[in-house]
Amino acid sequence: MSAVLSMPDGYYKALKRLASEVAGVALEDDYKFTIETRLSVLARMEGYPSLIEMVQSMFKSGDSRLAIKIVASMLVRDTHFFRDKQSLLGLPDFILPKLHAIYGPRPIKVLIVGCNSGQEAYSAAILADKLKQDELPDLNVEFTAIDYPSQALEQAKAGRFTHFDVQRGLAVRDMLSYFTKLGEDWVMNESIRNMITFRETHLLRLPNDLGQYHVIICRDVLSRFQAKVRIAFTRKIAAHVKSQGYLLIGSDEDLPKTVHPWIAPGGPDFVYQRAKTEEELRAEEAAARAARKLLHPDPKRFFEDKEAVMEVMAEGASGEMECRSA
């Protein structure tokens, strides 16, 4: 183990700080082995003689492209098909039927945030395809799946998985129906792949041209962010959701208890709906700020304008005297 873990502790601290600043994620202290294993692979792919030389080069040059790749490699999650199925079923069982009743055969656009190596997106597309076959023959769903540039995202684009991958969470019937065996691997059928567009995106800097969607699937993403980032991101993704659109999170996740545009629509606990306008949000935020000032007044600012304070006190005293005399 010591031969593998070759980076000094200072490097780990610097990389943890990089992950926090770039992606808003706080890596655990026991993450050293995973970091070094994944970054060693990236170093070889990027043509560096060693992991340490790649990290040194990145910090010395300030290469933002390489920094994002390094962070993305550190954040790749171990995942599988139909992970947290209880939550994922909220898409075909609740969200898509609701939207289909409104839009009919018109495209329903779904954004998947943090698609990793593709199992999340392909699982959602399979569920949509089954719903189309079984209940809603004119259902039309288009997926866009985004994540940081990484080898995992390249695998997602290829739709190619090992036998070990397809055995994790995928029923044999689905494996035979939706995949084609190619050598030792399994490749997702073109009909499902055509439903999904994979896109490299900095998750904390969502571009304006990302567009708007009827549904955002954001599972096991919010819970990884630091608290302040989670609050801001919950608000930010709403800009990419159409009015009355939906947000689907993990079954063990919660939205921050702060001002945001999402409400519970009366369905599963992990499904939310955008039901507040920007004007309503701004009004709520202003009211919240005013309430905080009342609860936590600033004594220094209060006593800076003594004349104004005395005027208020004088007005109050004169009003009280008038009432008494009356």
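Read-outs throughout are calculated quantities, based only on the coordinates presented, and are distinct from any laboratory measurement. Bear in mind the structure is a predicted one, so any value in this text is a computation, not a measurement. With ideal geometry, Cβ positions are generated from the backbone for all residues, glycine too; neighbour counts draw on all protein chains shown.
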*What residues have an amide H closer than 5 Å to that of residue 216, excluding those fewer than 5 places away on the same chain, when H is modeled at 1.01 Å from N in the peptide plane?*
111, 246, 247, 248
_For the range 9-75, compute Rg over Rh where Rg is the Cα radius of gyration and Rh is the Kirkwood radius from the inverse mean 1/r over Cα pairs._
0.91
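Give me the number: length gained by fully extending residue 21 to residue 103, i.e. 0.36 nm times residue separation minus the C-alpha to C-alpha distance, one decimal in nm. Please report the intermediate quantities before stating the final value.
On the way: separation 82, 0.36 × 82 = 29.52 nm, distance 4.01 nm.
This chain segment gains 25.5 nm when fully extended.
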*Report the extension gain between residue 31 and residue 239 in nm, rounded to one decimal, defined as 0.36 nm multiplied by the number of residues separating them, less their alpha carbon distance.*
71.5 nm
*For the charge dipole of the range 85-278, defined by +1 on Lys and Arg C-beta atoms and -1 on Asp and Glu C-beta atoms about the Cα centroid, which residue among 104, 256, 194 has the Cα displaced farthest towards the positive pole?*
256
*Quick one: how many lysine pairs does the range 85-278 have with C-alpha atoms less than 19 Å apart and a gap of 8 or more or different chains? Give me the count, please.*
19
*asked:* Tell me which trypsin sites (Lys or Arg not before Pro) from the range 80-168 have a DSSP coil assignment and no more than 16 other beta carbons within 10 Å of their own.
replied: 168
*Arrange 184, 154 by Cβ neighbour counts within 10 Å, fewest through most, would you?*
184, 154
*Which value in nm describes the separation of the simple spin-label points at residue 41 and residue 185, placed 7 Å from the Cα toward the beta carbon?*
1.3 nm
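For an R0 of 25 angstrom, estimate the FRET efficiency from the Cβ-Cβ distance between residue 210 and residue 275 and round to the nearest 0.05. Walk me through the intermediate numbers first.
Values: r = 21 Å, r/R0 = 0.86.
It comes to 0.70.
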*Pick out, from 141, 222, 232, the residue whose Cα sits farthest towards the positive end of the charge dipole of the range 85-278, with +1 on the Cβ of Lys and Arg and -1 on the Cβ of Asp and Glu.*
232
*Where q = 0.13, 0.21 Å⁻¹, what log10 of I(q)/I(0) comes from the Debye formula for the range 59-159, counting one point per Cα?*
-0.54, -1.04
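Assuming a ≥ b ≥ c are the square roots of the Cα gyration tensor eigenvalues, decide whether the range 84-125 counts as rounded (a/c under 1.5), prolate (otherwise, with a/b larger than b/c) or oblate.
oblate
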*For the residue pair residue 200 and residue 263, what label-to-label distance in nm results when each label sits 7 Å from Cα along the Cα-to-beta-carbon direction?*
4.1 nm
